[in-house]
């Protein structure tokens, strides 16, 4: 059956979106303040140029996604609805700057960051920044990337922003599909579903972006693994209240999602968190299971995949301040192989794991930090930590692993 849209929930969520839309920011290259600063390491710098293809002429799905001159949308146009803000009302970051981890003193240890590794380089994108901007257009190790976070679905995904000869930058369209962020590319103004990573309306309808593995971990976990790494800085010129949550109380498991008209799946409460695998037959594990078991081996389900769960991550969608959010589990999803051998794991502390074959210690990022395999990395598996209602709507045949 279709999920009921609660009028009170819609009103409250609409106020969330207006709060997220308020304020101004340039999103451009420049310096930003960090409380107190720590010399050169605290000074934000641009790392790699964010290039893009020129804007193309032609019909825009932003103007009229049902324009008969455009390809037929993949979904009912009536279900791509306004979330309140206009296009770019929640401004993407197009000229990101970064600080060294040692110079960041504005993140609490338990706050979430998105960890992305490309070409051997790892960067952190704090959720306290993404919750206000939702999209960062970046370049990492020469690869053009887009890092995205949809607060309404609690979904973080990263993409290669190249498609053929086009080099995209993405913005927020102000629209939602199944309560999920609808992005638009600035080159053709086609509309893209964040969770699917594909164009659902516009000139590029049906085209698919290449996903990149990304994980949500605590700032402390990331900083300990990458003490010299680069962290997305707060954009210069912004008056947004970084560190606060404009969606206070949104992650109550039984509460109704905002502007969601998809099919409900009663196997779990709408906003129970799940870890979902993005490739192959749809499979998801409740985050509560991962938090309890700490290591979930999915080999018996036709996959060579292991899920790690580490404690200490603060929910970004609970309390008014991100640092005060309820504690949930950070996750990492990997192929359990290193040096050509299959490994099995067990948790030995809230954030550490040991393989039974060599006794090496591993962190939540799949990096061996002690023992014979020190320096090895487990191959990351594309996954998303998200609310059950969102994943089940996009992948209704999902098998739940318990």
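Just so it is clear, none of the values below were taken in a lab; they were calculated from the coordinates. All of these numbers come straight from a predicted model, not from anything done at the bench. Every residue, glycine as well, gets a Cβ built from its backbone with ideal geometry; the counts of neighbours run over all protein chains shown.
Using Cα pairs closer than 8 Å and at least 6 residues apart in sequence, work out the relative contact order for the chain, in percent. Spell out each step's value before the answer.
Values: 1032 pairs, mean separation 75.3, N = 402.
Relative CO of the chain lands at 19 percent.
Based solely on its DSSP helices, what 222 nm [θ] is calculated for the chain when runs of n ≥ 4 H residues each add -39,500 (n - 2.57) and the sum is averaged over all residues, nearest 500 deg cm²/dmol? Mind showing how you got there, number by number?
Working: 5 runs with 43 residues, N = 402.
-3000 deg cm²/dmol, from helical runs alone.
Where does the Debye-calculated log10 I(q)/I(0) of the chain sit at q = 0.14, 0.15 Å⁻¹, using only Cα point scatterers of equal weight, no solvent?
Values, matching the q order: -1.30, -1.49.
Could you calculate the contour length gain from residue 56 to residue 228, that is, 0.36 nm times the residue separation minus the distance between their Cα atoms, to one decimal place in nm? If you can, show how the numbers build up before the last one.
On the way: separation 172, 0.36 × 172 = 61.92 nm, distance 3.99 nm.
That pair, residue 56 and residue 228, stretches by 57.9 nm at full extension.
Taking the Cα-to-Cβ direction at residue 344 and at residue 121 and moving 7 Å from each Cα, how far apart do the two end points lie in nm?
4.0
If you stretched the chain out fully between residue 67 and residue 267, how much longer would it get, using 0.36 nm times the residue separation minus the C-alpha to C-alpha distance? Let's see the in-between values first.
Numbers: separation 200, 0.36 × 200 = 72.00 nm, distance 3.84 nm.
In short, 68.2 nm is gained.
Say a paramagnetic label sat at a point 7 Å from the Cα of residue 208, along Cα to Cβ; which residues of the range 267-283 have their backbone N under 19 Å from it?
What the label zone holds, given the 19 Å backbone N cut-off, is 276-283.
Just grab the label-to-label distance for residue 357 and residue 321, each label 7 Å out from Cα along the Cβ direction, in nm (one decimal).
Modelled inter-label distance: 4.6 nm.
Per residue and in cubic angstrom, what volume does the convex hull of the Cα atoms of the range 273-400 have? If you can, show how the numbers build up before the last one.
On the way: hull volume 13.5 nm³, N = 128.
Expressed per residue, the convex hull around the Cα atoms of the range 273-400 is 106 Å³.
Of the candidates 299, 291, 102, which one comes out as most mobile in a Gaussian network treatment of the chain with C-alpha springs shorter than 10 Å?
299
At a Förster radius of 22 Å, what calculated FRET efficiency corresponds to the Cβ-Cβ distance of residue 297 and residue 374, to the nearest 0.05? Intermediate results must be reported in sequence, preceding the final value.
On the way: r = 23 Å, r/R0 = 1.03.
With R0 = 22 Å, the Cβ-Cβ based efficiency is 0.45.
Per 0.36 nm of contour for each residue apart, how much would the distance between residue 254 and residue 279 grow if the chain were fully extended, relative to their Cα-Cα spacing?
Numbers: separation 25, 0.36 × 25 = 9.00 nm, distance 2.78 nm.
Here the segment from residue 254 to residue 279 would lengthen by 6.2 nm.
If you build a Gaussian network model of the chain, linking Cα atoms that sit under 10 Å apart, which residue out of 187, 326, 357 swings the most?
Looking only at 187, 326, 357, the biggest GNM fluctuation is shown by 357.
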